[in-house]
Amino acid sequence: MSHDFLSDKDAAEIGARLRRIEGQVRGLQRMLEENRDCAEVIQQLTAARAALDRVGNLMVTAGLRDCLAEAHLDPSVQAKVDVGLNALVALRN
């Protein structure tokens, strides 16, 4: 699998998350068809939205890593940047 800025590992993780989100959206459609309680639908909608936000965060982080890799930073600076990016991802997951 070739991507401009995603490693194969990142692309696989994002693909898996998107497939789960696709299932969540199908579940939301079923809930509407079954006339389920509004609070239940909103709870699932919130979960799907949060999952999309996490995918977006992963993609932004991967893009930043790619840009920084091209900058050829000093290894000690790169290590600090990696710690910061990992913290950002952990915070948003």
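Give 52, 28, 68, 64 a once-over and let me know the one that is free of Cβ contacts under 8 Å to residues at least 24 places away in the same chain, closer than 18 Å to residue 90 by Cα, assigned to a helix (DSSP H, G or I) and in contact with a Leu (Cβ under 9 Å, 6 or more places away or on another chain). When all the criteria are applied, what remains is 64. Annotation: residue 79 fulfils all but one of (1) in a helix (DSSP H, G or I); (2) over 21 Å from residue 18 (Cα atoms); (3) modelled with pLDDT under 85; the unmet one is (3).
Residue count for region 57-93 satisfying the condition of being surrounded by 14 or more Cβ atoms within 10 Å (Cβ to Cβ) and of a type in the set (Ser, Thr, Tyr): 1.
When 4, 10 are checked against the criterion of being in contact with a helix residue (DSSP H, G or I) (Cβ under 8 Å, 6 or more places away or on another chain) and not in a helix (DSSP H, G or I), a single residue qualifies: 4. I want to confirm something. Restricting to region 26-56 and keeping residues that are within 19 Å of the chain's Cα centre (by Cα) and of a type in the set (A, V, I, L, M), which single residue is surrounded by the fewest Cβ atoms within 10 Å (Cβ to Cβ)? Residue satisfying both the conditions and the ranking: 50.
Okay, residues lined up against (1) at pLDDT 95 or above; (2) among the small types (Gly, Ala, Ser); (3) within 21 Å of residue 62 (Cβ to Cβ):
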site: 2; (1), (2), (3): no, yes, yes
site: 7; (1), (2), (3): no, yes, yes
site: 19; (1), (2), (3): yes, no, yes
site: 24; (1), (2), (3): yes, no, no
site: 29; (1), (2), (3): yes, no, no
site: 34; (1), (2), (3): yes, no, no
site: 37; (1), (2), (3): yes, no, no
site: 41; (1), (2), (3): yes, no, no
site: 48; (1), (2), (3): yes, yes, no
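The values are calculated or read from the model by the stated rules, or taken from the named source; none is laboratory data. The structure presented is a predicted model; accordingly, all values stated were derived computationally and were not measured. We place every Cβ from the backbone using ideal geometry, glycine too, and count neighbours over all the protein chains shown.
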